[in-house]
Structures are given as structure tokens and as C-alpha cells.
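Participant: I'd like to ask some things about the structure below.
Read-outs: derived from the displayed coordinates by stated rules, not from any lab. Computed from a prediction, not measured in an experiment: that's the story for all the values here. For neighbour counting, all protein chains shown are included, and Cβ atoms are generated from backbone atoms with ideal geometry for every residue, glycine included.
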Amino acid sequence: MEIEIQGIPQSIRSEYHTRLRTAKADLSRYKKLLKEQRTQVARSDLLSTSQSFTTSDEPYGSNSDRVRLLAGTKRLEDGTKRLQESQRIALETENQGTDILMNLRTQREQIENARDTLHTADSSIDRASNTLRKMIRTMYKQRVVTTGIIVILLLIIGLIVWSKVT
């Protein structure tokens with residue numbers, strides 16, 4: 001509120017400052033009254049409880065004390081059960097997490113092995129591709145040589161036939 005008052009025009013700012021101080025004073029006064037009332041209620045609760053002695057029929061004190069004690073014990077047992085259940089769930093979750101991590105590790109190893117296999121296959125394919133290129137070049141060279149030999153033989157046959165004819 002004080003920050004908002006700084007943004008208000010100068011002409012009406014003092015009025016709001018006064019109202020704010022009054023509201024703060026009222027608030028602190030009410031807080032003190034509340035604190036005093038709480039302490040008085042607590043004192044009266046402490047002093048109003050019966051200070052009677054227990055009889056042999058009531059070994060745990062008055063009936064209301066016994067009921068409060070039983071209720072407190074019940075709440076404590078419920079809290080203990082909830083804590084044990086939470087601990088059980090936490091252990092199950094931890095075990096599941098461990099299983100998941102082991103599965104992920106196994107899968108990572110499988111992926112790494114597959115990657116290594118792919119690299120090996122890739123290098124083998126590269127070598128095979130180079131070998132095929134060499135074989136194709138050799139095939140073309142042999143075709144040229146074979147074609148050359150056939151042409152020379154045809155020329156020699158043609159010369160022999162021409163020489164016999166003439």
C-alpha cells in the first residue's frame with residue numbers, strides 16, 4: 001500500500017498516509033488483543049480441567065482423558081501405518097527404477113552393438129563397391145582388347161582374301 005501511495009498525486013497523498021497509519025495502528029492493536037485472548041483461553045482451559053484423583057475404577061483418569069488418549073493412540077497408529085505404506089511404495093518405486101535402469105543399459109548395449117555391426121557392414125559394402133568398380137573397369141578393358149583382336153583378325157582375313165583374289 002505504501003508503494004501505491006507514492007504513485008498518488010501530491011494533493012491527496014497526505015490523506016491516504018494518515019489513513020494508512022491509522023489502519024496499521026488498528027491492525028497491530030487487534031493482533032495484540034488476539035494474542036491476549038488466545039493466552040486467556042489457553043489459561044482458562046488449563047485451569048478448568050478437573051484435577052480429580054483417579055479411582056480404582058478409572059485407571060487412566062477421567063473418561064474424557066481416556067478418550068483423548070485412545071484418539072491420540074489411534075492417530076499415532078494411523079500415522080505409523082501411512083508411513084510404513086509410504087516406505088513400501090518408495091521401495092517398490094526404487095526397485096522399478098532399478099529395473100528400468102537395467103533395461104535401459106541392456107538396450108544401450110544392444111544399440112551400440114548394432115551400431116558397430118552397421119559400421120562393419122558399411123566398410124564391407126565400401127570394399128565390395130570398390131571391388132565391383134575394378135571388375136567393371138577390367139571388363140571394359142577386356143572388351144576393348146577383344147574388339148581390337150577381332151578387328152585385326154578381320155583385317156588379316158580381308159588382306160588374305162584380297163591377296164588371293166588379285
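Participant: In a Gaussian network model over the chain where Cα atoms closer than 10 Å are linked, find which of THR138, THR98, THR80 has the largest mean-square fluctuation.
Facilitator: Per the Cα network of the chain with a 10 Å cutoff, THR138 tops the list.
Participant: While we're looking at this one, here's another question. For the pair ILE111/ASP26, report the inter-label distance in nm, with labels modelled 7 Å from Cα in the Cβ direction.
Facilitator: 6.6 nm
Participant: Here's something else I'd like to know. Is the chain best put as rounded, prolate or oblate by its Cα gyration tensor, with a ≥ b ≥ c the root eigenvalues, rounded for a/c under 1.5, and otherwise prolate when a/b is larger than b/c, oblate when not?
Facilitator: Note, shape of the chain comes out oblate.
Participant: Assuming R0 = 41 Å, can you tell me the calculated FRET efficiency for the pair ASN95 and LEU69, based on Cβ-Cβ distance, to the nearest 0.05?
Facilitator: 0.60
Participant: Right, next: What distance in nm lies between label points placed 7 Å from Cα along the C-beta direction at LEU153 and GLN37?
Facilitator: According to this spin-label approximation, the distance is 12.6 nm.
Participant: Separate question: Between GLN87 and VAL145, what is the spin-label point distance in nm, taking each point 7 Å from the Cα along the Cα→C-beta axis?
Facilitator: 8.8 nm
Participant: Can I ask one more? Can you give the calculated 222 nm mean residue ellipticity of the chain, where each DSSP H run of n ≥ 4 adds -39,500 (n - 2.57) and the sum is split over every residue, rounded to the nearest 500 deg cm²/dmol?
Facilitator: The per-residue figure over the chain is -33000 deg cm²/dmol.
Participant: Still on this model: Taking the Cα atoms only, what angle lies between the long axis of helix 63-165 and the longest principal axis of the chain, rounded to 10 degrees?
Facilitator: Around 10 degrees separate the two axes.
Participant: What is the angle, in °, between the Cα long axis of helix 10-48 and the longest principal axis of the Cα atoms in the chain? Nearest 10 is fine, range 0 to 90.
Facilitator: Result, in degrees: 70.
Participant: As an exercise, use a Förster radius of 30 Å and the Cβ-Cβ distance of GLU4 and SER44 to find the FRET efficiency, rounded to the nearest 0.05.
Facilitator: After rounding, the FRET efficiency stands at 0.10.
Participant: Taking the Cα centre of segment 104-159 as origin, sum charge times position over the Cβ atoms of Lys and Arg (+1) and Asp and Glu (-1), and report the length of that vector in debye to the nearest 20.
Facilitator: Computed charge dipole of segment 104-159: roughly 220 debye.
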